[in-house]
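The structure appears right after this line, and notes come after that.
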Amino acid sequence: MAKLDILEFPDPRLRTKATPVTVFDSKLEALIDDMFETMYEAQGIGLAATQVNVHKRLLVIDVSENRDTPLVFINPEFEIIEHELCEYDEGCLSVPGFYETVSRPQKIAVTATDRTGEQFTVAAEGILATCVQHEIDHLDGKLFVDYISTLKRQRIRSKLEKEHKKSA
């Protein structure tokens with residue numbers, strides 16, 4: 001397995017809308033394994049394929065305390081079960097070092113396909129629901145910074161652009 005490079009805001013490739021996964025093969029299996037390795041190494045709880053410059057509707061998540069409950073969602077869609085909003089201080093591997101409060105529906109039902117091509121539906125609430133919505137946003141070319149004020153987003157952009165110039 002290889003650690004993948006994570007794109008960082010404001011990279012325009014993060015705005016690419018992902019296309020559905022249609023082929024379930026060893027290449028997809030390898031990508032899923034590499035995404036988990038990358039996510040765990042970066043201390044994240046979720047990673048969308050868009051973040052590693054693969055524009056397919058695929059995301060991996062593990063919100064368990066022991067990092068032992070990996071979840072794969074291929075071509076995920078969600079439906080809101082409970083419209084009550086929950087606030088979380090969201091961070092993102094593509095926006096390193098920044099956390100902002102975002103409100104999202106607290107309970108959702110996610111329908112997706114697993115790594116073997118089997119469709120499933122799962123009810124998600126709390127941090128799992130937030131994480132799924134956050135990662136699906138990536139697949140749609142959206143970032144959590146799109147939910148905050150223009151001023152805050154511009155400050156984050158400027159700081160990350162400075163860091164990118166330093167490390168280039």
Handout entry: Angstrom value of the Kirkwood radius, inverse mean 1/r, which spans all Cα pairs in the chain
Key = 16.3
Practice task
Return the percentage of antiparallel bridges among DSSP beta bridges fully within the chain, rounded to the nearest 5 %.
Solution key: 95
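Got a number for carbon plus sulfur as a percent of the chain's accessible area, 1.4 Å probe? Mind showing how you got there, number by number?
Numbers: 4500 of 8990 Å².
The value for the chain is 50 percent carbon and sulfur by accessible area.
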Practice task
For the range 99-106, just list the computed ³J(HN,Hα) in residue order, Karplus coefficients 6.51, -1.76 and 1.60, θ = phi - 60°, integers in Hz, with x standing in for Gly and Pro.
Solution key: 9, 9, 6, 10, 9, 9, x, 6
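Compute the signed sum of charges (Lys and Arg +1, Asp and Glu -1) over the other residues within less than 13 Å, Cβ to Cβ, of A42. Please report the intermediate quantities before stating the final value.
Values: positive: K3, R67; negative: D5, E8, D34, E37, E41, D62.
Value of the local net charge: -4.
Would you calculate, for the chain, the mean residue ellipticity at 222 nm contributed by helices, counting each DSSP H stretch of 4 or more residues as -39,500 (n - 2.57) and dividing by all residues, to the nearest 500? Don't skip to the answer; put the middle values down first.
On the way: 3 runs with 48 residues, N = 168.
Value at 222 nm, helices only: -9500 deg cm²/dmol.
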Fill in the blank from the handout: Amide H neighbours of C86 at under 5 Å, excluding residues fewer than 5 places away on the same chain, with H built from the backbone geometry, are R104, Q106
Completion exercise
Length gained, K142-S103, 0.36 nm per residue minus C-alpha separation, equals 12.6 nm
Practice task
State, in angstrom, two size descriptors of the range 1-84 derived from its alpha carbons: Rg to one decimal place and Dmax to the nearest whole number.
Solution key: 13.4, 40
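Where only protein heavy atoms count, and the probe is 1.4 Å, what is the accessible area per residue for the range 1-101 in Å²? Each step should come with its number before you reach the end.
Working: 5500 Å² over 101 residues.
Here the residues of the range 1-101 average 54 Å² of exposed surface.
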Handout entry: Environment charge of T111, counting only residues whose C-beta is closer than 15 Å and scoring Lys/Arg +1, Asp/Glu -1
Key = -3
Completion exercise
Counting Lys and Arg as +1 and Asp and Glu as -1 over every other residue whose Cβ sits under 9 Å from the Cβ of V72, the net charge comes to 0
Exercise for the section: Provide the per-residue ³J(HN,Hα) series for the range 66-83, in order, calculated from phi with Karplus coefficients 6.51, -1.76, 1.60 and θ = phi - 60°, each as a whole number of Hz, with x at glycine and proline positions. Expected result: 8, 6, 10, 10, x, 10, 10, 10, 10, 6, x, 9, 10, 10, 6, 8, 10, 6
Exercise for the section: Would you kindly state how much longer the chain becomes between K162 and E84 on full extension, computed as 0.36 nm times their sequence separation minus their alpha carbon distance, in nm to one decimal? Expected result: 24.3 nm
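The values are calculated or read from the model by the stated rules, or taken from the named source; none is laboratory data. Because the structure is a prediction, the values reported are computed rather than measured. Here Cβ is always computed from backbone atoms with ideal geometry, including for glycine, and neighbour counts include all displayed protein chains. Keep in mind that these areas ignore ligands, DNA and RNA; they rest on the heavy atoms of the full protein, side chains included. Shrake-Rupley method; radii C 1.70, N 1.55, O 1.52, S 1.80 Å.
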